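Participant: Pasting a structure below so you can have a look.
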Amino acid sequence: MNHEKIDRMKQEYEQIEVPEALKTQVEAGIRKGKRDTQKGSIRFLKGAATVAAAMVALVISVNVSPTIAHAMEEVPLLGAIVKVVNFSTYSDVQDDKNMEANVDIPQVAVTNQDGEVLSDETDELNQEVKKYAGGIIKSYQSDVASIEDGENGNEAVNSSYQVVTDNDRLFALRIDTSIVMAGSNQYTKIYNVDKKTGNTITLNDLFQKDSDYLDRISEEIEKQMKENMEKDSNLQYFLDKDVDGYSFDGIKNDVNFYVNKEGELTIVFDKYEVAPGYMGIVEFTIPTSVVSDIIKDGYLQ
Amino acid sequence: MKKRGIAKAVEQEILASYEQLYRLAITYVKNEQDAMDVVQESAYKAMKNAGQVKEETYIKTWLWRIVINTSLDMCKKQKRIVSGVFIPEEAKEDVYKDWDMLAALEELEERERTIVILKYFEEWKIDDIADLLKENPNTVKSILYRSLKKLKIKMSREEIA
């Protein structure tokens with residue numbers, strides 16, 4: 001191609017300077033992407049965490065024994081009582097590598113009306129939480145290990161928790177994790193406990209057996225996405241089939257959820273999960289009318 | 001096994017081309033920091049979704065498409081921020097200060113500019129550009145012809161191949 005003008009433009013284009021830091025950022029992006037693909041233990045690091053105003057503030061009494069915790073309960077509940085009774089913190093600072101982590105690991109106690117600890121239910125939840133936090137810590141440590149001497153990782157991991165539901169029927173513990181590298185990523189994991197039985201439940205437990213709750217909720221979310229985009233052109237979700245593999249194609253049973261103060265189901269998605277990164281964490285409240293005929297009694301209002 | 005092979009290939013493709021991807025991104029978002037964010041986010045998305053690529057030969061167009069879409073998302077975000085905060089016009093033009101020739105690209109629409117860049121700076125084949133943009137090759141040629149005209153570069157239709 002013998003076109004002088006194009007050749008000169010090409011020369012200039014090739015001289016556009018690429019910042020040195022880009023390589024580190026790209027590598028961090030690759031690492032993060034790899035980590036999020038591993039759908040196993042780390043995958044349940046989930047969507048991110050804005051704190052809704054309605055959220056119940058939780059006061060943590062360190063090392064309060066379950067019996068004392070029970071004594072402090074004023075109102076007897078239906079069945080089990082779930083409380084965060086203690087927490088430990090994993091803290092690490094590596095100044096030379098510019099890496100930092102602070103991970104709070106809550107411990108709960110599930111007790112019956114008489115204040116006796118239900119040890120199976122308590123252990124089940126605590127084990128899950130510990131495994132989850134362990135995954136966060138492990139991936140941080142492997143990031144630290146992968147940094148060569150004299151290089152900076154520029155990574156800060158922070159994980160905290162809160163109780164997002166505590167009504168007559170349900171208790172939900174939400175763990176919010178942010179990983180700040182050159183950009184930032186946020187994850188949420190929510191554990192829901194049925195206070196009637198003390199068991200940890202998943203989405204399907206809220207609905208009648210064999211009901212089409214996944215389809216109905218997915219359709220409702222898709223509807224809300226479309227409405228939101230129409231109302232505000234700045235809002236965007238992965239709905240059109242623009243990029244292979246990014247289109248929202250329904251929720252799965254392992255999706256993060258909690259029940260809000262009004263008793264409505266709220267679905268929580270990770271950053272990047274259903275929308276571009278700038279949208280951050282995305283939550284959808286599902287009107288109870290959408291699923292009213294398939295709700296199992298007492299979970300949603 | 002196969003999936004792991006694809007993921008490895010995606011990673012290699014990113015590491016081999018991130019500087020080129022950055023150059024394309026900066027023609028969209030017009031500043032260093034946002035272009036870096038675009039490339040990082042694209043690398044993240046590509047690795048996270050590598051399992052969805054069916055054949056290794058698709059990786060390259062798929063990756064560039066992610067960068068283009070992520071750049072467009074970033075442009076939307078910029079608009080959103082700009083509506084709340086005052087950003088002087090000069091900041092936007094600053095990026096072209098050393099590029100007399102490239103400034104001409106601003107005459108073009110995003111799509112036209114991308115086609116010119118891919119065809120003449122990155123030396124892609126028309127068919128591959130058509131794949132990337134999900135367009136008919138003839139449409140790509142027409143856009144290219146129109147773009148060159150805008151740039152006041154004389155080239156016959158036959159030369160565009």
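Participant: In the range A:199-214, what residues are surrounded by 15 or more Cβ atoms within 10 Å (Cβ to Cβ) and of a type in the set (Val, Ile, Thr)?
Facilitator: A:Thr200, A:Ile201
Participant: Name the residue that is farthest from A:Phe207 (Cα to Cα), counting only residues in the range A:271-294 that are within 16 Å of the chain's Cα centre (by Cα) and among the acidic types (Asp, Glu).
Facilitator: My answer is A:Glu273.
Participant: Something else: Out of the residues in the range A:107-153 that are assigned to a loop (DSSP other than H, G, I, E, B) and open to solvent by less than 70 Å² (accessible area, probe 1.4 Å), state the one that is nearest to A:Gln186 (Cα to Cα).
Facilitator: A:Gly153
Participant: Give the range B:18-45 a look and list any residue that's of a type in the set (S, T, N, Q) and facing chain A (nearest Cβ under 10 Å), or say none.
Facilitator: Pass one, the range B:18-45, residues of a type in the set (S, T, N, Q): B:20, B:27, B:31, B:33, B:40, B:42.
Hits for the range B:18-45 are B:Gln20, B:Thr27, B:Gln33, B:Gln40, B:Ser42.
Participant: Taking the residues in the range A:172-208 that are more than 21 Å from the chain's Cα centre (by Cα) and modelled with pLDDT of 90 or more as candidates, determine which candidate is nearest to A:Thr122 (Cα to Cα).
Facilitator: A:Phe207
Participant: Determine, yes or no, whether A:Val103 is part of a strand (DSSP E or B), touching a helix residue (DSSP H, G or I) at 6+ places or on another chain (Cβ under 6 Å) and either among the aromatic types (Phe, Trp, Tyr) or touching a residue at least 40 places away in the same chain (Cβ under 8 Å) (or both). Reasoning before the result, please.
Facilitator: On the way: part of a strand (DSSP E or B): yes; touching a helix residue (DSSP H, G or I) at 6+ places or on another chain (Cβ under 6 Å): yes; either among the aromatic types (Phe, Trp, Tyr) or touching a residue at least 40 places away in the same chain (Cβ under 8 Å) (or both): yes.
Spelling it out, A:Val103 is indeed part of a strand (DSSP E or B), touching a helix residue (DSSP H, G or I) at 6+ places or on another chain (Cβ under 6 Å) and either among the aromatic types (Phe, Trp, Tyr) or touching a residue at least 40 places away in the same chain (Cβ under 8 Å) (or both).
Participant: Could I ask something else about it? Which is without any contact (Cβ under 8 Å) to a residue 40 or more places away in the chain and at positive phi, of A:Asp210, A:Asp215?
Facilitator: Working: A:Asp215 fails: at positive phi.
After ruling out the rest, the residue left standing is A:Asp210.
Participant: Further question: For the range A:255-277, name all the residues that are open to solvent by 40 Å² or more (accessible area, probe 1.4 Å) and closer than 17 Å to B:Lys45 by Cβ. Explain how you work it out, then say what you get.
Facilitator: Just the residues of the range A:255-277 that are open to solvent by 40 Å² or more (accessible area, probe 1.4 Å), to begin with: A:261-262, A:264, A:273.
Of everything in the range A:255-277, just one residue is open to solvent by 40 Å² or more (accessible area, probe 1.4 Å) and closer than 17 Å to B:Lys45 by Cβ, namely A:Glu273.
Participant: A follow-up question, please. If only one of A:Lys261, A:Lys252, A:Lys241, A:Lys271 is under 30 Å from B:Tyr58 (Cα atoms), at pLDDT 85 or above and among the basic types (Lys, Arg), which one is it? Steps first, answer last, please.
Facilitator: Values: A:Lys261 fails: under 30 Å from B:Tyr58 (Cα atoms); A:Lys241 fails: at pLDDT 85 or above; A:Lys271 fails: at pLDDT 85 or above.
None of the others qualify; the one that does is A:Lys252.
Participant: Also, I was wondering about something else. In the range B:42-54, which residues are open to solvent by 30 Å² or more (accessible area, probe 1.4 Å) and either among the β-branched types (Val, Ile, Thr) or under 20 Å from A:Ala275 (Cα atoms) (or both)?
Facilitator: So in the range B:42-54, the residues open to solvent by 30 Å² or more (accessible area, probe 1.4 Å) come out as B:48, B:51-52, B:54.
Selection gives B:Lys48, B:Gly51, B:Gln52.
Participant: Further question: Give the residue that is nearest to the other protein chains (Cβ to nearest Cβ), with candidates limited to residues of the range B:55-64 that are open to solvent by 30 Å² or more (accessible area, probe 1.4 Å) and assigned to a helix (DSSP H, G or I).
Facilitator: The extreme case among them is B:Tyr58.
The values are calculated or read from the model by the stated rules, or taken from the named source; none is laboratory data. Worth saying up front: this structure is predicted, and the values here are computed from it rather than measured. Don't worry about glycine lacking a Cβ; one is built from the backbone with ideal geometry, like all the others, and counts go over all protein chains shown. Each accessible area value is taken on the protein alone, full model and side chains, heavy atoms only, with ligands, DNA and RNA left out. Shrake-Rupley method; radii C 1.70, N 1.55, O 1.52, S 1.80 Å.
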